[in-house]
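> Below is one structure. I have some questions about it.
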Amino acid sequence: MAMGVSRKDKIFFLSLIPPSITLLGILVVTVITILSNSLESLSLYGLSLIASSIWDPENLKYGLLAPILGSITTSTLAILTALVFSIPLTILIAEYSSGFVKNVLSSIVELMGGIPTIVYAIWASTYFASLLKQYVMDPLHAYFSIIPLFSCKPITGFSIFTAGVSIGVSIVPYVTSMILEAYQNIPQALREACLGIGCTKYESVKVLMSLAKPAVLASLILGFARSLGETTIAVATVGNSMYLSSCIFSPGITVSALIASQFANAYLYKYAESVLYASALFILFIAIVLSFVGLSMLIKWRVKVVV
Amino acid sequence: MYDQRKIKDKLFFVFVLSVSIIAVTLMLHMIFVTLSNGIPVILRAGLGFFTSIPPTPLSKNIGGIAPALAGSFIMTLTSLPVSISLAFFSAVLTTEFPRNPLSIIIDVVAKSLASIPTIVVSMVIYLIVVVPMGKFSALAGVLALTIISLPYSYTYISTYLRSIPATYREAAYSIAMGRWRTIISVFVPIIRRGLLITVLMTSARILGETAAILFVTGRYRLGVSVSLLDPTDAVPLLIFDYMLTPYKNFQEISWAAASLLLLSYLIIFTTTKFLVKEVKL
């Protein structure tokens with residue numbers, strides 16, 4: 001009987017292998033395809049591919065510095081934006097609301113997390129960009145134009161800054177849900193201990209947030225990885241210019257926006273496709289590494305604090 | 001001293017509340033303007049919005065988005081069962097044999113798949129499906145959509161499977177049920193609402209995806225295509241193409257399509273909320 005069961009177990013296990021291996025296959029094929037197709041341009045252009053900024057397919061000149069810096073800057077702005085909104089939202093949901101209000105607030109966050117990014121994109125390009133220009137970019141430029149980041153006058157509202165903040169708004173629900181989960185997983189005893197020695201709510205939140213810090217950091221790393229790959233919002237708000245500037249109010253480009261706008265015609269030019277695959281390799285590599293770092297930080301934190 | 005702490009506490013609450021209000025206002029503003037820009041256009045276009053092809057740039061009539069609707073519908077319905085079943089088997093593997101090396105690998109793989117930028121998926125499918133076939137196709141779109149939705153449905157299903165208490169498994173084994181029998185006739189019924197939520201949320205994810213199908217479906221807008229092997233269109237692609245054009249009627253169509261997409265998502269989301277509530281009762 002024991003033998004029979006174990007043989008059945010084996011068949012059960014074996015029957016699950018083919019579908020599961022498909023997942024592994026997809027990942028391997030993706031990485032190999034991107035890698036092998038970028039080799040041509042990587043070996044031809046080498047480091048100059050990431051050290052210069054030029055997109056001139058007719059003369060076979062390519063440099064990806066602007067999109068790479070653009071991706072890094074927009075993603076950084078995105079997680080800063082997400083941080084500014086996510087922490088207060090988390091505290092409001094976890095500490096200051098209960099029952100119906102709490103339910104509504106967390107449902108809104110959950111709802112927004114699933115809205116297709118194309119809806120964020122059309123909203124950001126039509127409304128949010130001009131709102132940002134009027135109430136954030138123009139004032140910042142007026143008062144702080146001495147800082148290089150804010151030194152150029154915002155012209156259309158489409159800029160690196162707009163793209164970063166718009167992507168940031170779109171990842172607020174994602175980051176909030178991760179921070180909220182971590183925050184609520186902190187053992188109740190710690191909060192009670194703090195309240196027991198007469199902490200105000202602000203003081204107890206401060207203590208709990210400092211405990212949740214590694215989880216917050218991990219959520220931001222995961223948010224950064226997600227922002228890097230964001231395409232539709234970037235195309236709609238970044239301004240699509242290969243011009244490299246130290247000012248975040250000028251139009252720029254990101255890797256995914258470059259791919260979205262150039263890939264369809266890339267087959268017409270020699271090496272253009274391969275250069276675009278190389279740029280994809282860049283965001284693919286960073287996104288995979290960062291999500292591993294972020295996820296393992298979350299797991300480590302949970303073992304340390306929660307259990 | 002005591003007062004200062006109390007003031008700080010109050011100020012902190014005001015800060016938390018006002019930033020949260022800004023965040024929630026932005027989110028609700030987005031929903032509001034999408035619906036208020038789009039729905040009047042749909043009403044003006046009437047049934048034709050669902051049955052006609054898009055207009056030419058400067059024409060007076062609004063036309064419709066029939067090719068995109070048909071494409072989205074066909075691609076979602078084809079990709080959904082593939083995604084769900086692959087995710088289901090993989091989730092069963094990783095929850096039934098959590099310590100097996102293969103399970104650990106598959107779990108990590110599923111998480112890495114989620115981190116692949118969706119536009120990268122589009123480039124890969126372009127090379128391994130579109131180029132060999134020699135043309136764009138709905139099939140290529142289906143494959144891309146399956147890849148981006150797989151990690152999503154996997155996470156849902158494995159979370160639900162893991163939430164089943166061990167006692168159910170023990171009860172099933174004690175009456176000599178096999179492992180597959182246990183899963184089919186004990187586990188699946190227990191998580192049936194969870195599975196329904198998975199199906200709904202995965203289809204919402206597939207319906208709304210833009211970047212993954214950017215280079216593979218071909219954006220065929222001259223008529224409705226029902227063949228998987230021919231080029232087709234999708235609602236998010238149409239919004240993406242039309243919102244950035246200078247033509248007023250294209251922008252209107254784009255808002256209308258966006259509001260339709262948003263409405264279908266809102267319906268799906270509300271349904272899942274309803275299902276969750278039922279589970280608690």
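The values are calculated or read from the model by the stated rules, or taken from the named source; none is laboratory data. All of these numbers come straight from a predicted model, not from anything done at the bench. Don't worry about glycine lacking a Cβ; one is built from the backbone with ideal geometry, like all the others, and counts go over all protein chains shown. Note: areas computed on protein heavy atoms with side chains; ligands, DNA, RNA excluded. Shrake-Rupley method; radii C 1.70, N 1.55, O 1.52, S 1.80 Å.
> If A:Phe285 satisfies every condition in (1) of a type in the set (A, V, I, L, M, F, W, C); (2) open to solvent by less than 50 Å² (accessible area, probe 1.4 Å); (3) in a helix (DSSP H, G or I) but one, which is the exception?
Evaluating A:Phe285 over (1) of a type in the set (A, V, I, L, M, F, W, C); (2) open to solvent by less than 50 Å² (accessible area, probe 1.4 Å); (3) in a helix (DSSP H, G or I) leaves (2) as the failure.
> Any residue that is part of a helix (DSSP H, G or I), without any contact (Cβ under 8 Å) to a residue 12 or more places away in the chain and open to solvent by 20 Å² or more (accessible area, probe 1.4 Å) - is there at least one of those in region A:159-178?
No: zero hits.
> Looking at (1) more than 13 Å from chain A (Cβ to nearest Cβ); (2) within 16 Å of B:Thr95 (Cα to Cα); (3) in contact (Cβ under 8 Å) with a residue 24 or more places away in the chain, which is the only condition B:Val199 fails?
B:Val199 satisfies every listed condition except (2).
> Failed condition for A:Trp123, given (1) within 11 Å of chain B (Cβ to nearest Cβ); (2) touching a His at 6+ places or on another chain (Cβ under 9 Å); (3) touching a residue at least 60 places away in the same chain (Cβ under 8 Å), with all others met?
That leaves (3) as the condition not met.
> If you go through region B:165-197 one residue at a time, how many are outside any helix (DSSP H, G or I) and open to solvent by 20 Å² or more (accessible area, probe 1.4 Å)?
Qualifying residue count, region B:165-197: 5.
> Being within 23 Å of A:Leu295 (Cα to Cα) and assigned to a helix (DSSP H, G or I) narrows it down to one of B:Leu143, B:Leu113, B:Leu80, so name that one.
B:Leu113
Each row is one residue, and each column tells you yes or no for (1) free of Cβ contacts under 8 Å to residues at least 24 places away in the same chain; (2) farther than 30 Å from A:Ser170 by Cα; (3) touching a Leu at 6+ places or on another chain (Cβ under 9 Å).
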site	(1), (2), (3)
A:Leu35	no, no, yes
A:Leu42	no, yes, yes
A:Leu47	yes, yes, no
A:Ala51	yes, yes, yes
A:Trp55	no, no, yes
A:Lys61	yes, yes, no
A:Ala66	no, no, yes
A:Leu69	no, no, yes
A:Thr76	no, no, no
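> Can you pull out every residue in region B:92-107 that is facing chain A (nearest Cβ under 8 Å), assigned to a helix (DSSP H, G or I) and open to solvent by 40 Å² or more (accessible area, probe 1.4 Å)?
The answer is B:Ile105, and nothing else.
> Moving on. From A:Lys61, A:Lys8, which residue is of a type in the set (Lys, Arg) and at the interface with chain B (Cβ under 10 Å from one of its Cβ atoms)?
Criteria check complete, one pass: A:Lys8.
> So, A:Ala260, is that one facing chain B (nearest Cβ under 10 Å), in a helix (DSSP H, G or I), open to solvent by 50 Å² or more (accessible area, probe 1.4 Å) and without any contact (Cβ under 8 Å) to a residue 60 or more places away in the chain or not?
It is false that A:Ala260 is facing chain B (nearest Cβ under 10 Å), in a helix (DSSP H, G or I), open to solvent by 50 Å² or more (accessible area, probe 1.4 Å) and without any contact (Cβ under 8 Å) to a residue 60 or more places away in the chain.
> Confirm whether A:Thr81 is part of a helix (DSSP H, G or I), within 14 Å of chain B (Cβ to nearest Cβ) and in contact (Cβ under 8 Å) with a residue 60 or more places away in the chain.
Judged against the criteria, A:Thr81 is a match.
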